[in-house]
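The values are calculated or read from the model by the stated rules, or taken from the named source; none is laboratory data. As the structure is a prediction and not an experimental result, all values here were calculated from the model. With ideal geometry, Cβ positions are generated from the backbone for all residues, glycine too; neighbour counts draw on all protein chains shown.
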Amino acid sequence: MSNPFIRFAIKATVILTVAFCIHVAVLYVFKLPLFENKIVLSYVVNLLLVVIIFGLLYLSKRKFKDQLGFLFIAGSALKFGVFFVVFYPFFKLDNHISKFEFAAFFVPYGLGLILETISLVKWLNKLD
């Protein structure tokens, strides 16, 4: 299993699954609704986007080596676009984004972004 993409996909799946379980456990402890605010969709969408973007960067490593940073930024823009199309309209139904709605999206987004950034930096340093 020396393929960086497969290792990354497994690592991202494990980390976001553990984070989801912790997130739901915290909601449970505080007796809050467990699966509101599109929390499941948020974790799934963020995982898929992180894995797809990393995969596209991995496939582009030779042809677009000097542009990978810009492609990474384009991937981040895509994630924000998905947020504004899929999640934002739902969150703004009551003209207020609660801290639980915010956390439901930005916890998996933030974890995915951190994981993706660290993995890409390590991977890109090995390319040279």
Looking at (1) at pLDDT 90 or above; (2) among the basic types (Lys, Arg); (3) assigned to a helix (DSSP H, G or I), which one does Lys92 not meet, given that it meets all the others? (1)
Assess whether Phe84 counts as being at pLDDT 90 or above and either aromatic (Phe, Trp, Tyr) or at positive phi (or both). no
Among the candidates Ala25, Ala12, residue that is within 17 Å of Leu111 (Cβ to Cβ) and touching a residue at least 60 places away in the same chain (Cβ under 8 Å): Ala12
Since Val24 meets every condition but one in (1) assigned to a helix (DSSP H, G or I); (2) surrounded by fewer than 13 Cβ atoms within 10 Å (Cβ to Cβ); (3) over 15 Å from the mean Cα position of the chain (by Cα), which condition does it not meet? (2)
Does any residue of the range 70-87 turn out to be more than 25 Å from Val26 (Cβ to Cβ), in contact (Cβ under 8 Å) with a residue 24 or more places away in the chain, assigned to a helix (DSSP H, G or I) and of a type outside the set (Gly, Ala, Ser)? yes
Options Lys65, Lys38, Lys92, Lys122; residue that is on the phi > 0 side of the Ramachandran plot and not polar (S, T, N, Q): Lys38
Name the single residue that is nearest to Leu113 (Cα to Cα) among those in the range 27-50 being in a helix (DSSP H, G or I) and touching a Phe, Trp or Tyr at 6+ places or on another chain (Cβ under 7 Å). Asn46
Residues in the range 101-122: is at least one more than 17 Å from the chain's Cα centre (by Cα) and closer than 20 Å to Asn3 by Cα? yes
